[in-house]
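Participant: Take a look at this one; I'll ask things after.
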Protein chains: 2
Amino acid sequence: MKMGAQDKFPFEQIDFDKGGGLIPAIAQDVVTGKVLMMAYMNEEALRATLETGRAIYWSRSRKVLWPKGDTSGNIQTVEKILVDCDQDTILLLVKQHGMGACHTGKFSCFYRKLTVTGEIEELDE
Amino acid sequence: MKMGAQDKFPFEQIDFDKGGGLIPAIAQDVVTGKVLMMAYMNEEALRATLETGRAIYWSRSRKVLWPKGDTSGNIQTVEKILVDCDQDTILLLVKQHGMGACHTGKFSCFYRKLTVTGEIEELDE
């Protein structure tokens with residue numbers, strides 16, 4: 001995203017109220033198409049994301065802005081922001097830097113699948 | 001998913017509590033890789049999804065099970081269920097049937113993007 005986009009963003013069109021001030025933000029890697037993670041944003045986080053061009057979420061547990069990758073270096077630069085039909089969820093198309101999105105070191109947080117025998121096991125890929 | 005998987009699913013490993021009994025469920029189309037929608041599931045909805053092999057969400061507004069596509073015919077058959085690192089969000093890899101996932105007739109609910117001039121406009125594709 002172009003820096004400065006936050007000045008013109010129609011925040012009033014995003015339904016933050018439904019989720020008590022937070023919207024789910026799904027991050028999808030633009031290169032591989034893999035869904036990387038899902039986190040939350042409040043208006044401040046979305047504004048900071050637009051201002052900086054990198055994904056900045058809201059940490060529900062720590063109750064602070066969470067600039068993804070500040071500690072690990074695994075930042076996400078945002079290439080496109082999509083909005084869903086009822087405008088209460090966004091999809092970030094990001095370039096994932098570093099090792100990956102997950103704190104475990106995996107590229108995606110969705111690195112395990114349910115098997116038909118009821119196990120949760122790591123994907124082969 | 002194989003029918004009958006609900007008998008063995010380790011429901012106790014999924015963190016429904018964090019979201020007051022609900023987990024976000026992201027649906028991604030297995031053919032195109034497009035993220036289709038995000039909705040919620042409670043344990044009952046996840047169990048019904050595993051039992052039937054099609055995506056059955058929980059409608060937060062109507063407070064009932066929401067078998068996706070029952071009215072429209074645009075059902076989603078579930079090919080794989082991925083679980084995220086902290087086990088409070090799932091990613092459904094689905095085959096989208098009919099017109100698409102969105103009630104507007106679009107294939108994906110994420111059919112609009114934010115432009116650098118602060119508009120929300122339809123994607124070209």
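The values are calculated or read from the model by the stated rules, or taken from the named source; none is laboratory data. Just so it is clear, the structure is predicted and the values come from calculations on it, not from any experiment. Note that we place each Cβ from the backbone using ideal geometry, even for glycine, and neighbour counts take in every protein chain shown. Ligands, DNA and RNA are excluded from the accessible area calculation, which covers all protein heavy atoms including side chains. Shrake-Rupley method; radii C 1.70, N 1.55, O 1.52, S 1.80 Å.
Participant: Grab the residue from chain A whose Cβ hugs the A-to-B rotation axis most tightly, plus its distance in whole angstrom.
Facilitator: In chain A, the Cβ lying nearest the symmetry axis toward B is A:Gly33, 2.
Participant: Could you work out what % of the accessible surface of the stretch A:17-117 is carbon and sulfur, using a 1.4 angstrom probe and leaving DNA, RNA and ligands out of the count?
Facilitator: Ligands and nucleic acids excluded, carbon and sulfur give 52 percent.
Participant: In percent, how large is the relative contact order of chain A, given Cα pairs closer than 8 Å and 6 or more residues apart?
Facilitator: About 23 percent, as a whole number.
Participant: Related question: Residue by residue, what Karplus-based ³J(HN,Hα) values in Hz, rounded to whole numbers, does the stretch A:69-77 have, using 6.51, -1.76 and 1.60 with θ = phi - 60° and x for Gly and Pro?
Facilitator: Ordered by residue, 3J(HN,Hα) equals x, 4, 8, 7, x, 7, 7, 10, 9 Hz.
Participant: Treating the angle as unsigned and between 0 and 90°, give the value, to the nearest 10°, between the Cα long axis of helix B:43-52 and the longest Cα principal axis of chain B.
Facilitator: 90
Participant: Note the buried accessible area between B and A here, summed over both chains, with a 1.4 Å probe, in Å² to the nearest 100.
Facilitator: 3600
Participant: For the stretch A:107-118, just list the computed ³J(HN,Hα) in residue order, Karplus coefficients 6.51, -1.76 and 1.60, θ = phi - 60°, integers in Hz, with x standing in for Gly and Pro.
Facilitator: With the stated coefficients, the stretch A:107-118 comes to 5, 10, 5, 8, 9, 10, 10, 7, 8, 5, 8, x Hz.
Participant: Additional query: Across peptide B:106-112, what mean number of C-beta atoms from other chains lies inside 10 Å of a residue's C-beta?
Facilitator: 5
Participant: Right, here's the next one. Considering only Cα-Cα distances, which of the following residue pairs are longer than 18 Å: A:Lys18/A:Lys68; B:Lys8/B:Lys34; A:Lys34/A:Lys106; B:Lys8/B:Lys63; A:Lys18/B:Lys113?
Facilitator: Over 18 Å Cα-Cα: A:Lys18/A:Lys68; B:Lys8/B:Lys34; B:Lys8/B:Lys63; A:Lys18/B:Lys113.
Participant: Let me ask something else. Leaving out ligands and nucleic acids, and using a 1.4 Å probe, what accessible area per residue does the protein assembly as shown come to in Å²?
Facilitator: 46
Participant: Exposed loop trypsin sites (Lys or Arg not before Pro) only (DSSP loop, at most 16 other Cβ atoms within 10 Å): please give the longest stretch of chain A free of them, not including the sites. Could you put the intermediate results ahead of the total?
Facilitator: On the way: sites that count: A:Lys2, A:Lys8, A:Arg60, A:Arg62, A:Lys63.
Excluding the exposed sites themselves, the longest stretch runs over A:64-125.
Participant: What ranking of A:Leu123, A:Leu46 comes out by heavy-atom accessible area, probe 1.4 Å, highest first?
Facilitator: A:Leu123, A:Leu46
Participant: Viscosity 1.567 mPa s, temperature 4 °C: what is the translational diffusion coefficient of the stretch A:1-85 from Stokes-Einstein with a Kirkwood Rh over Cα pairs, rounded to a whole number of µm²/s?
Facilitator: The Stokes-Einstein estimate is 98 µm²/s.
Participant: Would you grab the residues whose amide H sits under 5 Å from the one on A:Tyr40? Only those 5+ places off in sequence or on another chain, please, with H modelled 1.01 Å from N.
Facilitator: Sorted by chain and number, the residues that satisfy this are A:Ala25, A:Trp58.
Participant: 222 nm [θ] for the protein assembly as shown, helices only, -39500 (n - 2.57) per DSSP H run of 4+, per residue, to 500?
Facilitator: So the calculated ellipticity at 222 nm is -2500 deg cm²/dmol.
Participant: As an exercise, use a Förster radius of 25 Å and the Cβ-Cβ distance of A:Lys63 and B:Asp86 to find the FRET efficiency, rounded to the nearest 0.05.
Facilitator: Efficiency at R0 = 25 Å is approximately 0.90.
Participant: Okay, moving on. Mind checking B:37-45 for the average number of partner chain beta-carbons within 10 Å of each residue's beta-carbon?
Facilitator: Other-chain Cβ atoms within 10 Å of each residue's Cβ, averaged: 2.
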